[in-house]
Amino acid sequence: MEKYDYIFAGAGCASLSLAYHLMRSSLKYKKILLIDPFIYQIPDKTWCYWAKAPLEIHPKNAIHSWDNLNLKFGNKSHVSPLGDLRYYHLNSKDFYQSLYQEFKLHENIVFKESSVTSAQEVDSKVIVTTNDGEKYQGQMLFDSRFDPNQIIPSPHLKQIFSGWKIETFNPIFDPSSFTLMEIKENSNSKFDFFYILPYSKNSALVEFTAYSKTNIEKLALEKELKSYLTSFLKTEDYQITFQETGVIPMTNKSVKQKKSNRIIPIGTAAGWTKASTGYTFQKIQGNSKKIVSNLENGLSATNGISRSRRFEFYDNILLNIASRWPEKLAGVFEDLFKNNPTEKVLRFLSEETTLADEIRLLSRLKFGIFIKSLLRYESH
């Protein structure tokens, strides 16, 4: 049986990020095995985050960023600066290729194309079995496998999106700001919006996002994109150079797992996705660094990685509104950004504010829908 120090079930963003930070620590010589059924098959994804400077793991030759945020509600548009923050975009192809190139230089990192079918903690080790019957022994297993169908309650609210990177013949984009939300006026009881990352006057990522408890077909999402490009951006002359479609669970509830010091969930499987927004990338990097520091200091891997009950409460309030009264969400986001400095709102959404900050921020909102959500409060 082959023996490793750290085994990873899954080799997606969370696993590769943690392995990256391990390679920049005193643990860089540990034997690492990454097991994934789709090794070297790079998914079509984009990740975004806000920070003062690009994160250490962000490939230096693939940085796109903006310092102004645009919100559009019907015919109203609100552009605001991000203060000392910038909004960064990273394509999965650049991310994966950069890390794969680096990992090739480390003989102690091994990739295996397979699936983990079981993991059992035995004494001071973990025995991992794959679908081809192979067994591996490790000191610790980091498990990023995630099945959204196991989340309770079901059906849960989901953020469903489809996006195209397009090149246009005419210059129709303003690269000085990105559009976080463009919400069209409608009278139906749902919440959806368009999201635009303009790389230049002729190139942008345009996405359509909908909050829904039921699945939405890709064709329906793409129909919305086509209609938006034709009716609102007034263009039919474009070339699609990249496509992505995804589903992000919007819930604070996750699968109950047996507590273990040697089998450690990471990524979305560990609840690292912000339930009310879907942002995950920056949390992955912060928690990966904490795990590495804990391992270096002989502490439990997850020491200090616990979410504030306060922010879980805030998320539940928003999720309750999104689930019961989705037509009210546009007004909530409009008030949140228009009545507060954008930098403060972003820090609040990334759970970096103090209670005093949050009182000031939330006191500037209209209370009606929040009181209604409190009176009919439930955990999501």
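The values are calculated or read from the model by the stated rules, or taken from the named source; none is laboratory data. Note that the coordinates shown come from a computational prediction; the quantities given were computed from them, not determined experimentally. Cβ sites come from the backbone with ideal geometry, for glycine too, and all protein chains shown count toward neighbours. Note: accessible area is taken over every heavy atom of the protein model, side chains too, but ligands, DNA and RNA are not part of it. Shrake-Rupley method; radii C 1.70, N 1.55, O 1.52, S 1.80 Å.
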Alpha carbon centroid spacing (whole Å) that separates the stretch 114-136 from the stretch 232-251: 39 Å
Sort the stretch 304-380 into rounded, prolate or oblate with this rule: let a ≥ b ≥ c be the square roots of the eigenvalues of the Cα gyration tensor; rounded if a/c is under 1.5, and if a/c is not under 1.5, prolate when a/b is larger than b/c, oblate otherwise. oblate
If you count only protein heavy atoms and use a 1.4 Å probe, how large is the accessible surface of residue 279, to the nearest 10 Å²? 60 Å²
Find out how many positive minus negative residues lie around residue 275, taking Lys and Arg as positive, Asp and Glu as negative, among other residues whose Cβ is under 13 Å from that of residue 275. +2
Greater than 22 Å apart at Cα, pairs in 30/112; 165/223; 28/135: 28/135
Applying the gyration tensor rule to the Cα atoms of the stretch 190-328 (axes a ≥ b ≥ c; rounded if a/c under 1.5, else prolate if a/b exceeds b/c, else oblate), the class is prolate
Distance from the Cα centre of the stretch 167-212 to that of the stretch 33-78, in angstrom? 15 Å
By the gyration tensor of its Cα atoms, with a ≥ b ≥ c the square roots of the eigenvalues, what is the shape of the stretch 1-154: rounded for a/c under 1.5, prolate for a/b over b/c, or oblate? prolate
Lys and Arg at +1, Asp and Glu at -1: add these up for the other residues within a Cβ distance under 13 Å of residue 160 and post the number. -2
Rounded to a whole number of µm²/s, how large is the Stokes-Einstein D of the chain at 37 °C and 0.692 mPa s, given Rh as the Kirkwood radius over C-alpha pairs? 148 µm²/s
Tell me, what HN-Hα J-couplings in whole Hz come from the Karplus equation 6.51 cos²θ - 1.76 cosθ + 1.60 at θ = phi - 60° for each residue of the stretch 199-209, using x for Gly and Pro? 7, 7, 5, 10, 8, 6, 8, 10, 10, 10, 10
Surface per residue (accessible, 1.4 Å probe) for the stretch 278-328, Å²: 46 Å²
Antiparallel DSSP beta bridges within the chain, percent to nearest 5: 70 percent
Taking Lys and Arg as +1 and Asp and Glu as -1, residues besides residue 369 with C-beta under 13 Å from its C-beta add up to +2
Counting each DSSP H run of 4 or more residues in the chain as -39500 (n - 2.57), what helix-only mean residue ellipticity at 222 nm follows after dividing by all residues, to the nearest 500 deg cm²/dmol? -8000 deg cm²/dmol
Scan around residue 34 for amide H atoms under 5 Å from its own, H built in the peptide plane at 1.01 Å from N, and keep only partners 5 or more places away or cross-chain. 8, 110, 111, 112
Charge-dipole axis of the stretch 59-184 as Lys and Arg at +1 and Asp and Glu at -1 on Cβ define it, positive-most pick from 172, 96, 130: 172
Less than 19 Å apart at the alpha-carbon level, and either on another chain or at least 8 residues along: which aspartates and glutamates does that give for residue 344? 67, 84, 312, 315, 334, 335, 352, 357, 358
Enumerate the lysines that residue 253 could reach by cross-link, defined here as Cα to Cα under 18 Å, with residues fewer than 8 away along the same chain left out. 158, 213, 274, 283
Return a whole-number percent for the relative contact order of the chain, with Cα pairs under 8 Å and 6 or more residues apart as the contact set. 19 percent
Which ³J(HN,Hα) values, rounded to whole Hz and listed in residue order, are derived for the stretch 104-113 from phi using the Karplus coefficients 6.51, -1.76 and 1.60 in 6.51 cos²θ - 1.76 cosθ + 1.60 with θ = phi - 60°, glycine and proline given as x? 5, 7, 10, 5, 7, 9, 10, 10, 10, 8
